[in-house]
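Scroll down for the structure; my scribbles are underneath it.
The values are calculated or read from the model by the stated rules, or taken from the named source; none is laboratory data. Bear in mind the structure is a predicted one, so any value in this text is a computation, not a measurement. Heads up, the Cβs are rebuilt from the backbone with ideal geometry, glycines too, and the neighbour counts pull from every protein chain shown. These area figures cover heavy atoms from the full protein model, side chains too; ligands, DNA and RNA do not enter into them. Shrake-Rupley method; radii C 1.70, N 1.55, O 1.52, S 1.80 Å.
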Amino acid sequence: MELRKREGQMNKVSIAIPIYNRWHLTHQILFDIYKNCDNIHEIIIVNDNSPEKEVRDGMDWWLSQKMLPIQEIVLAENVMFLRASNIGMKQCAGDIVITVSNDVRIQSDITTRIRDMLRENPEQMIGGRLLDWDTGWNSFGGQVFPYIEGWLMATTKQGWEEIGYFDERFYPSDMEDIDSSTTALTLGYTLTPLNDERIQHIGAQSIGYNPKREAQTKLNKEKFRKKWKLP
């Protein structure tokens, strides 16, 4: 892992944001980033085939204003959260890649802070919150798998490539953050929470909680069990 530590100064920070409808959330997070964050190389918005006109009009406004270095990818079909996130992260050209859900409030300069943290130690997966207790989904046979919650995850571009981004066997969502965190740990990374009350996940806005999602999460938990050969 020493080679990664010697590579460059990691000046360029990219942010990937998957979106689907609910324009007010995207508008809000972009204004939060505009007001509070510096050292941004690019923001990749992955428009997951949103049908609402408000999204198209809103994106046109942001692109025309040039207040932020935004690039928009408009998908020809709805691929849902996990795949849209991967598309955005893989498109990022920065040395550091942050993936964040649009239902997050960012009222501090996370881009500068994450950049500085990864300059000091690139072998980190950084996020808004670390869950290192039994949440009901991350315990298998009494073993708890700590993880950075998927609404905000960041590491180097090379780190994401080594981790393999989100494993698409967990499509369309859920357990992918536990899996990526577990992969990061096996590669020698540490999981580092920002623990900043100025970063807030509104929750249940982009996907929501319902019986269908609960069933999907249970299915993905079994996929995680099989992947990691757990009891």
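List of remarks:
- Counting only Cβ charges, +1 for Lys and Arg and -1 for Asp and Glu, the dipole size of the stretch 115-191 around its Cα centre is about 180 debye.
- Overall, the accessible surface of the chain at a probe of 1.4 angstrom is composed of carbon and sulfur to the extent of 48 percent.
- Cα-based Rg / Dmax (Å) for the stretch 63-131: 14.0, 40
- Overall form of the stretch 143-227 per C-alpha gyration tensor (a/c, 1.5; a/b vs b/c): oblate
- Matching label, Rg/Rh (Cα atoms, Kirkwood Rh) computed from the structure shown, candidates (i) 1.58; (ii) 0.97; (iii) 0.95: (iii)
- Normalised by the number of residues in the chain, the mean separation of alpha-carbon contacts (under 8 Å, six or more apart) gives a relative contact order of 23 percent.
- Relative packing of peptides 96-102, 23-29, 212-218 - highest average C-beta neighbours within 10 Å first: 96-102, 23-29, 212-218
- Where the chain is the region considered: accessible area per residue in Å², 1.4 Å probe: 46
- Within the straight-line cut-off of under 13 Å between alpha carbons, the aspartates and glutamates reachable from Lys223 are Asp167, Glu168, Asp174, Glu176, Asp179, sequence neighbours fewer than 8 places apart in one chain being disregarded.
- In this structure, the pairs whose alpha-carbon distance is over 20 Å, taken from Lys35/Lys157; Lys90/Lys157; Lys12/Lys90; Lys90/Lys221, are Lys35/Lys157; Lys90/Lys221.
- Length-normalised contact order for the stretch 1-92 - Cα pairs under 8 Å, 6+ apart - percent: 36
- Take each peptide in 59-65, 103-109, count the other Cβ atoms within 10 Å of every residue, and average; sorted highest first, the result is 103-109, 59-65.
- What separates the Cα centres of the stretch 160-200 and the stretch 73-131 is a distance of 10 Å.
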